[in-house]
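The values are calculated or read from the model by the stated rules, or taken from the named source; none is laboratory data. In this text, all values refer to a predicted model and were calculated from it rather than measured experimentally. Glycine gets a Cβ as well: all are built from the backbone with ideal geometry, and neighbour counts include every protein chain shown. Only protein heavy atoms, including side chains, enter the accessible area calculation; ligands, DNA and RNA are left aside. Shrake-Rupley method; radii C 1.70, N 1.55, O 1.52, S 1.80 Å.
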Amino acid sequence: MTTATSTAADASPDETTATSKATAPDGLTSDEASRRLATSGPNELPDTSMHPLRMALEKFWAPVPWMLEAAIVLEIALGKYVEGSVIAGLLVFNAALGLFQESRAQATLAALKSRLALTASVRRDGTWASLPATELVPGDVVKLSLGDVVAADVRVTAGSVLLDQSMLTGESVPIEAGAGIQAFAGALVRRGEAVAEVTATGTRTKFGRTAELVRTAHVVSSQQKAVLRVVRNLTAFNGVVIAALVTYAYFLKMPLAEIVPLVLTAVLASIPVALPATFTLAAALGARALAKCGVLPTRLSAVDEAATMDVLCADKTGTLTCNALTVTTVEPMPGFDVAHIMGLAALASADGGQDPVDAAIRSAASKNRVTEALKLIKFTPFDPTRKMSEATATNSGGGAQRIVKGAFAVVSGLAQASDTATATAKLLEGKGLRVLAVAAGPPTAMELVGLIALSDPPRSDSAALVTELHGLGVRTVMVTGDAAATAGIVAHAVGLDGAICPPGPIPSGVHPRKFAVFAGVLPEDKYTLVQEFQKSGHTVGMCGDGANDAPALRQAQIGIAVSTATDVAKSAAGMVLIEPGLGGVVAAVKEGRVTFQRILTYTLNSIVKKVVTVLFLVLGLIMTGHAILTPLLMVIVMVTGDFLAMSLTTDNVQPSPMPNVWRIGHLTIAGVLIGICLLAFCLGILAIGKFGIGLGADALRTLAFIALVFGSQATLYAIRQRQHLWGSRPSPWLLVSSVADIVIASTLAVGGIAMTPLPYAVVASALAATAAFALVVDLVKIPIFARLRIT
């Protein structure tokens with residue numbers, strides 16, 4: 001994790017210098033403030049949200065909606081209002097789902113804005129006044145008091161405050177801010193009072209830059225890319241086929257009244273109408289399963305992205321470690337023991353405060369009994385300037401004792417440290433531990449009594465989970481704001497062995513295989529790191545907890561807010577972990593791959609059906625001399641086939657062993673090859689009906705309908721498994737939908753509802769032939785899947 005605290009040098013040099021020179025002790029004059037307000041603009045984040053109506057209209061401007069809209073126009077032009085209404089309902093359903101997902105980015109920005117202060121205490125014209133925070137300008141002198149929210153980026157000039165910046169950094173421990181310390185907009189004053197000078201306002205604050213990055217951070221999900229590529233390929237292929245169909249119909253001198261319905265049928269046949277909805281439904285079911293594992297997806301696309309993730313940027317504190325300082329080592333100096341050192345250190349530690357160091361020392365001291373207890377007289381809390389805390393106590397004889405606990409370099413200046421003590425301190429620091437020295441004795445003759453080393457130990461399950469992720473093909477790298485030495489030790493302990501990236505800006509073109517640890521990383525650099533990994537073709541998962549992590553969480557294909565994350569980080573992320581550690585990430589990867597397999601099967605099934613149906617119309621026209629399907633029959637096929645096949649989102653499948661990749665080109669080739677088998681089956685049934693049984697034109701349309709429905713069911717069961725179809729039992733919902741599809745089609749065909757009736761024996765014979773056809777397709781698909789790497 002990282003902290004937003006820094007020295008004043010972190011502010012823009014030019015901006016800080018300019019405001020400092022122009023600001024008088026009495027603050028700015030009203031005229032000067034007005035002039036600066038006109039130059040710098042109001043201290044607020046601009047409203048860049050899109051109008052809801054425009055957002056809604058954009059959902060109807062994409063390849064799949066275009067095809068549906070064209071079909072609606074044709075249906076209405078032909079007076080087919082019922083069919084047109086059904087298609088319009090499908091169009092609105094898909095648009096509503098997309099609109100819901102897009103609202104997530106706006107929710108993140110709204111969460112950011114809600115954290116900003118509304119008013120501020122400002123010194124203008126030599127007088128303190130409460131003004132709207134939007135009127136602050138660089139150079140203003142402001143007062144920070146208990147309970148205030150810092151309204152802009154400021155540099156403390158006098159006084160001292162305890163600042164809670166958890167909403168920005170994710171760190172739960174407040175920090176002391178004295179003169180010269182930079183504080184950022186959105187921080188909450190927990191204690192004290194200070195005067196500060198405004199260094200940046202509005203979009204130029206750290207908060208504002210974070211909001212801007214969140215607004216602009218965008219990566220097209222693999223799910224969106226897959227849908228677009230499928231539609232593109234089907235449009236290109238079926239467009240050519242439909243053109244050939246129209247040309248042949250014209251060659252046959254078919255009247256226009258027959259050509260238009262034929263074209264409409266072909267257009268309807270080529271639309272993967274339920275594809276977007278199926279992606280959403282599969283992801284929603286995956287999200288529900290993940291919720292039971294302690295993972296809450298905030299964007300449904302994150303479920304699918306988890307399947308393709310091959311790089312995970314894991315935070316150190318709280319994700320790989322316990323996020324709790326503990327006393328690791330105590331090194332007594334000659335003449336002292338561990339219990340004595342811990343007892344003295346506890347006296348120089350705050351009781352019940354928010355300092356994690358003091359809490360860890362008091363907890364460890366409570367486990368050691370001290371033979372001679374001292375009576376505490378006075379306690380001085382830790383001072384970040386002096387880098388130590390101290391206490392005054394008396395022994396049983398009434399003698400005064402001064403006890404000091406703090407940084408080794410400071411304490412060793414008060415009590416002479418031996419060469420051995422210095423070497424021990426360096427050794428412990430080299431292991432990445434936080435080393436404190438304890439000195440005690442009369443105020444004028446203190447001596448060093450011992451060293452205490454603290455650390456945030458790795459979680460007990462981290463190493464096993466990192467190994468499991470590696471086995472799943474996910475490269476885990478540590479990204480932390482901590483020092484390289486500390487990060488390297490934790491990384492080695494959890495199995496992340498490899499090079500540590502040198503401190504500084506993220507190298508251009510960096511590859512995740514090059515480094516195992518990125519230490520000293522600022523929150524802004526996480527955003528850059530995600531982008532660099534994505535440029536090399538990786539699907540990136542990023543863990544984060546603070547508002548300043550929001551841009552990186554939004555940019556990553558799968559942003560993961562850890563269990564201690566702020567509301568802003570959670571709204572920017574795609575998933576929120578309820579429990580600490582990587583267990584939720586592993587569960588997300590496995591469930592994501594299950595979801596991916598279900599979507600993959602539906603997508604392949606959709607490609608097969610759309611290609612075959614259009615080709616069937618052409619070859620059926622050549623074979624019979626008339627259209628073999630009507631627009632109404634095509635709508636029935638769409639409703640019963642496409643939407644009942646959405647039950648594949650519940651199917652029993654095995655997650656793939658490695659990260660999934662959308663190979664739409666390979667998927668299209670496989671769909672065409674398997675589609676040839678389905679086309680041969682349908683044409684065979686149609687040929688038997690025309691030349692063997694001698695059915696009329698209307699009866700042949702019914703036969704073509706049931707051949708397409710039955711054959712599609714056989715193909716679906718053949719391709720649902722990457723191995724043989726009997727490899728796993730279908731889900732109950734899939735079985736129910738298949739039975740419903742067959743029963744509906746058979747009932748309509750035998751009963752002559754919306755079509756010419758067929759003899760029961762013909763329908764039964766077609767169904768029996770379908771069972772044999774399923775076994776044939778199952779044998780054919782094995783080498784096709786192996787050759788095209790469909791796993």
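Computed over the chain, the per-residue total of -39500 (n - 2.57) for DSSP H runs of n ≥ 4 gives a 222 nm mean residue ellipticity of -16000 deg cm²/dmol, rounded to 500. P(r) tail for the chain, what percent of Cα pairs lie past 42 Å? For the chain, the share of Cα pairs beyond 42 Å comes to 47 percent. Projected label points at THR29 and LYS225, each 7 Å from Cα along the beta carbon direction, are separated by 6.0 nanometres. Solvent-accessible surface of the chain, averaged per residue with a 1.4 angstrom probe and all protein chains in place: 41 square angstrom. Leaving out ligands, DNA and RNA, and with a 1.4 Å probe, what % of the accessible surface on the chain is carbon or sulfur? Of all accessible area on the chain, carbon and sulfur atoms account for 62 percent.
Rg over Rh for segment 292-447 works out to 1.15, both radii taken from alpha-carbon positions and Rh defined as the Kirkwood radius.
Please state the charge dipole magnitude for the chain, taken about the Cα centre, from unit charges on C-beta atoms (+1 on K and R, -1 on D and E), reported in debye and rounded to the nearest 20. Let's see the in-between values first.
Details: 61 positive and 58 negative charges, 421 e Å.
Approximately 2020 debye in magnitude.
Counting only DSSP beta bridges with both residues in the chain, tell me the antiparallel percent, nearest 5. Display every interim value, and only then the final one.
Working: 68 of 86 bridges.
Antiparallel bridges: around 80 percent, rounded to the nearest 5.
Taking all protein chains as shown and a probe of 1.4 angstrom, HIS511 keeps an accessible surface of around 70 Å².
Under 17 Å of direct C-alpha separation, and excluding same-chain neighbours fewer than eight residues apart, LYS514 reaches these lysines: LYS526, LYS535.
Over the chain, what is the relative contact order in whole percent, taking alpha-carbon pairs under 8 Å and six or more residues apart? If you can, show how the numbers build up before the last one.
Details: 1549 pairs, mean separation 103.2, N = 791.
Relative contact order for the chain comes out at 13 percent.
Computed about its Cα centre, the charge dipole of segment 346-440 is approximately 100 debye, with only Lys, Arg, Asp and Glu carrying charge at their Cβ. Each listed q (0.15, 0.28, 0.29 Å⁻¹) maps to a log10 I(q)/I(0) for segment 366-424, found by the Debye formula over equal Cα scatterers with no solvent: -0.60, -1.06, -1.08.
Annotation for segment 242-341: trypsin sites (Lys or Arg not before Pro) lying in DSSP loop with at most 16 further Cβ atoms inside 10 Å of their Cβ are LYS253, LYS292.
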